Amino acid sequence: MRDLPVVLDGYKLTVVEPPALKMRQDANGADVPVTDRDGVAQFVVSLFAKLQVVAGQRAPKGEEIKVTLTADPGEGYPEDTRVQLLDVKVSPYSIDSPDGRTVSGIAFKAMGLKHATPAPMPARRSKDGEGDQ
């Protein structure tokens, strides 16, 4: 199975490493841009994903994820920027290395990136428990 849709609503995604052109080493050890089957350049961004919780609850430990972006996200995503992923998908992978080890996991891919909309502020409560207007 590949390109399984993922819903990350309820997670805070924060830029750890800003988007950059995705690179790989060729057979000669030179860095070359990664492209898709159509020759379109791919980008990569590192994000810290942490579950959003209601006030007073403690969030479980978060995790850093690398996401391949299929389009140039443009400027304006420096470190510590809160973002949302567009059309995010995951694909499991398993690679046998030359030394006989198997490396496996999931790869994240998204169509793009946008600035996160701020979470709505909770309604203020009066002393009798009714919402203030």
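Of the residues in segment 80-112, how many are among the acidic types (Asp, Glu) and either modelled with pLDDT of 95 or more or under 13 Å from Leu69 (Cβ atoms) (or both)? Please lay out each step first, then the result.
From segment 80-112, those among the acidic types (Asp, Glu) are 80, 87, 96, 99; that's our starting set.
Those left that are additionally either modelled with pLDDT of 95 or more or under 13 Å from Leu69 (Cβ atoms) (or both): 80, 87.
Here the count works out to 2.
In segment 52-71, which residues are surrounded by 11 or more Cβ atoms within 10 Å (Cβ to Cβ), out of contact with any strand residue (DSSP E or B) (no Cβ under 6 Å at 6 or more places or on another chain) and at pLDDT below 95?
Val53
Within segment 113-133, identify whether any single residue is in a loop (DSSP other than H, G, I, E, B), modelled with pLDDT of 95 or more and either over 21 Å from Met1 (Cα atoms) or not basic (Lys, Arg) (or both), and answer yes or no. Can you show your working first?
Let us first name the residues in segment 113-133 that are in a loop (DSSP other than H, G, I, E, B), namely 116-124, 126-130, 132-133.
Remaining after also requiring modelled with pLDDT of 95 or more: none.
Scanning segment 113-133, I find no residue that is in a loop (DSSP other than H, G, I, E, B), modelled with pLDDT of 95 or more and either over 21 Å from Met1 (Cα atoms) or not basic (Lys, Arg) (or both), so the answer is no.
Can you confirm whether segment 93-102 contains a residue that is touching a residue at least 40 places away in the same chain (Cβ under 8 Å) and surrounded by 11 or more Cβ atoms within 10 Å (Cβ to Cβ)?
Taking every residue of segment 93-102 in turn, none turns out to be touching a residue at least 40 places away in the same chain (Cβ under 8 Å) and surrounded by 11 or more Cβ atoms within 10 Å (Cβ to Cβ).
Of the numbered conditions (1) out of contact with any strand residue (DSSP E or B) (no Cβ under 8 Å at 6 or more places or on another chain); (2) surrounded by 11 or more Cβ atoms within 10 Å (Cβ to Cβ); (3) basic (Lys, Arg), Arg37 fails exactly one; give the number of that condition.
Just one mismatch for Arg37, condition (2).
State all residues of segment 1-18 that are closer than 17 Å to Ser91 by Cα and either of a type in the set (Gly, Ala, Ser) or part of a loop (DSSP other than H, G, I, E, B) (or both); if no residue qualifies, say none. Explain how you work it out, then say what you get.
Here is the first cut: in segment 1-18, the residues closer than 17 Å to Ser91 by Cα are 1-8.
Result: Met1, Arg2, Asp3, Val6, Val7, Leu8.
The values are calculated or read from the model by the stated rules, or taken from the named source; none is laboratory data. No experiment lies behind these values; they were computed from the predicted model shown. So basically every Cβ, Gly included, is an ideal-geometry build from the backbone, and we count neighbours across all protein chains shown.
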